[in-house]
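Visitor: First the structure, which I've put down as structure tokens, then a few questions once you've had a look.
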Amino acid sequence: ETDVYWQEQQQCFIVTHDAPVNKKDSVLKLEELLSRFKDSVSYWIDFKNLTNANQEQAEQALLQMAEQYNLGQKIFVESGNGGALREFKKGTIQTLYWIQYNRSFPAKWFKLLYIKTLIACSNFDGFTTGYSMYNEDFKQRFNGLPLYLFDAPATIIKKETQTPSSIKVFLVDADYYLNPSTP
């Protein structure tokens with residue numbers, strides 16, 4: 001999972017979790033990452049600043065890189081901006097809509113209606129949410145959707161005996177790999 005920002009002026013993706021502020025800092029471009037690992041891994045790209053205005057240019061850049069590095073179906077673009085995300089023409093890019101449902105909203109029922117309508121009117125390949133938001137209410141409201149869960153604590157994941165078939169990916173913390181003997 002890689003966080004990226006689309007840089008309009010440079011027409012490229014910058015790998016960073018927070019918006020780049022200092023132009024003097026050295027930055028890692030997504031293309032550098034793709035050229036390093038090529039098709040040896042799949043890429044879950046968290047598009048932090050996807051808008052209707054930058055969607056088309058960013059999509060074209062991703063499609064070009066996918067073709068250049070022979071990535072096939074190995075690029076998954078995630079965004080909480082479902083309106084802009086649904087405009088991706090797809091091609092080889094798979095789309096993951098970030099469902100931000102179990103946060104505090106003044107009118108939670110209205111947020112649920114919006115999300116359900118967006119899901120019904122779109123053709124997303126999967127859906128993401130934070131593990132802490134994946135509670136019984138979430139499971140009831142979004143049962144059966146192909147889910148990609150992030151921020152999953154390794155100690156909890158290792159203890160689970162059954163994983164629902166709708167969960168496609170658990171993005172776990174480093175302890176999962178660093179401490180394989182952790183229960």
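The values are calculated or read from the model by the stated rules, or taken from the named source; none is laboratory data. This one's a predicted model, so the numbers in the text were calculated from it and none came from an experiment. Note: ideal-geometry Cβ built from the backbone for every residue, glycine included; neighbour counts use all protein chains shown. Quick note on the areas: whole protein, heavy atoms, side chains included, nothing else; ligands and nucleic acids left out. Shrake-Rupley method; radii C 1.70, N 1.55, O 1.52, S 1.80 Å.
Visitor: Of these, 95, 129, which one is surrounded by 19 or more Cβ atoms within 10 Å (Cβ to Cβ), modelled with pLDDT of 95 or more and not in a helix (DSSP H, G or I)?
Guide: Details: 129 fails: modelled with pLDDT of 95 or more.
95 is the lone residue from the list that is surrounded by 19 or more Cβ atoms within 10 Å (Cβ to Cβ), modelled with pLDDT of 95 or more and not in a helix (DSSP H, G or I).
Visitor: Test residue 74 against the stated conditions and say whether it is of a type in the set (D, E, K, R) and over 13 Å from the mean Cα position of the chain (by Cα).
Guide: Values: of a type in the set (D, E, K, R): yes; over 13 Å from the mean Cα position of the chain (by Cα): no.
Judged against the criteria, residue 74 is not a match.
Visitor: Right, here's the next one. Are any residues in segment 3-26 surrounded by 17 or more Cβ atoms within 10 Å (Cβ to Cβ) and aliphatic (A, V, I, L, M), and if so, which ones?
Guide: Selection gives 4, 14, 15.
Visitor: One residue is enough: does segment 43-54 have a residue meeting the conditions loosely packed, with under 13 Cβ neighbours inside 10 Å and not basic (Lys, Arg)? Show your work before the answer.
Guide: Start the filter on segment 43-54 by keeping residues that are loosely packed, with under 13 Cβ neighbours inside 10 Å, which leaves 52-53.
Retained after the next criterion (residues that are not basic (Lys, Arg)): 52-53.
Taking every residue of segment 43-54 in turn, at least one turns out to be loosely packed, with under 13 Cβ neighbours inside 10 Å and not basic (Lys, Arg).
Visitor: Moving to a separate point now. Report every pair of residues separated by at least 6 positions or lying on different chains whose Cβ atoms are under 7 Å apart, first residue within segment 137-149 and closer than 23 Å to residue 172 by Cβ, second open to solvent by 60 Å² or more (accessible area, probe 1.4 Å) and modelled with pLDDT of 90 or more.
Guide: No pair meets every condition.
Visitor: Here's another thing I want to ask about it. In the list 89, 111, which residue meets the criterion of being of a type outside the set (Ser, Thr, Tyr) and open to solvent by 60 Å² or more (accessible area, probe 1.4 Å)?
Guide: Values: 111 fails: open to solvent by 60 Å² or more (accessible area, probe 1.4 Å).
Exactly one residue qualifies, and that residue is 89.
Visitor: Take segment 71-86 and flag every residue that is surrounded by 13 or more Cβ atoms within 10 Å (Cβ to Cβ), not in a helix (DSSP H, G or I) and not small (Gly, Ala, Ser).
Guide: 71, 74, 75, 76, 77, 78, 81, 86, listed by residue number.
Visitor: Are any of the residues in segment 61-70 in a loop (DSSP other than H, G, I, E, B), touching a residue at least 12 places away in the same chain (Cβ under 8 Å) and of a type in the set (A, V, I, L, M, F, W, C)? Lay out the reasoning, then the answer.
Guide: Kept after step one, since they are in a loop (DSSP other than H, G, I, E, B), are these residues of segment 61-70: 69-70.
Right, trim to touching a residue at least 12 places away in the same chain (Cβ under 8 Å) and you get 69-70.
When the remaining residues are screened for being of a type in the set (A, V, I, L, M, F, W, C), the result is none.
Scanning segment 61-70, I find no residue that is in a loop (DSSP other than H, G, I, E, B), touching a residue at least 12 places away in the same chain (Cβ under 8 Å) and of a type in the set (A, V, I, L, M, F, W, C), so the answer is no.
Visitor: From (1) in a helix (DSSP H, G or I); (2) modelled with pLDDT under 95, pick out the condition that doesn't hold for residue 36.
Guide: Of everything listed in (1) in a helix (DSSP H, G or I); (2) modelled with pLDDT under 95, residue 36 misses just condition (2).
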